[in-house]
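Just below is one structure, and these are the notes that go with it.
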Amino acid sequence: MNGLPEVSERSAKCWRCNAAVSPQDRYCHNCGAGQGSLIPWYYSHLGIILLTVLAIGPFSLYLVWKSPKLSAVARRVYTVLILAYTALLAVLCWNAYRLMMQMLSGYELGA
Ligand SMILES: [Zn+2]
């Protein structure tokens, strides 16, 4: 009887370290990670999309796999989309490089 309320209070788990936390806890007692609404913004859908497109590209896969806010299906969808986006950027960069080399070789020949 004495242990039951404590078990129900500590039923939630920290998203980062899996330590038991109370649903009312704002931070994990073990690792200090924010819980609930205090999970960092870059683990959210919008944060991952913005960071992928504007800043870190395929390195955002780390955030996708670590994020406590994404479901297993969302993780797979984001992984496929980020890899496709990275491949598209690689193809575009390769085409731009080839075009630039063609233009430079044209200048050398005086054409
Ligand atoms: Zn923790």
Testing the spin-label approximation: label points 7 Å from Cα along Cα→Cβ at TRP41 and LEU92. State their distance in nm. 2.4
GNM top mover of ALA90, ALA33, ALA74 - the chain, alpha-carbon springs below 10 Å: ALA90
Over the range 45-84, consider all pairs of different Cα atoms and compute the Kirkwood hydrodynamic radius from their mean reciprocal separation; express it in Å, one decimal. 9.8
Name the residue farthest towards the positive end of the dipole of the chain from the options VAL21, GLY57, LEU83, assuming +1 on Cβ of Lys and Arg, -1 on Cβ of Asp and Glu, about the Cα centre. VAL21
Mean-square fluctuation check for the chain, GNM, Cα pairs under 10 Å: which of ALA20, ALA96, ALA84 is largest? ALA96
Restricting things to Cα coordinates, could you compute the convex hull volume per residue of the range 40-111 in Å³? 76
Taking H placed 1.01 Å from N in the peptide plane, check which residues at least 5 places from LYS13 or on another chain put their amide H under 5 Å from its amide H. VAL21
The size of the Cβ-based charge dipole (Lys, Arg +1; Asp, Glu -1) of the chain about the Cα centre, to the nearest 20 debye, is 180
Using the Cβ atoms and a cut-off under 15 Å, what net charge is assigned to the surroundings of SER44, where Lys and Arg are +1 and Asp and Glu are -1? +3
Tilt, helix 72-109 to longest principal axis of the chain (alpha-carbon atoms), in degrees rounded to tens, equals 20
Considering the Cα positions of the range 9-75, please state its Rg to one decimal place and its Dmax as a whole number of Å. 13.1, 41
Rank VAL21, VAL80, VAL91 by mean-square fluctuation in a GNM of the chain with C-alpha springs under 10 angstrom and give only the top-ranked residue. VAL91
Rounded to the nearest 500, what is the 222 nm mean residue ellipticity of the chain from helices alone, with -39500 (n - 2.57) per DSSP H run of 4+ residues and division by all residues? -17000 deg cm²/dmol
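Read-outs: derived from the displayed coordinates by stated rules, not from any lab. Every value quoted in this text rests on a predicted model; they were computed, and no experiment measured them. No Cβ is skipped: glycine too gets one built from the backbone with ideal geometry, and neighbour counts run over all protein chains shown.
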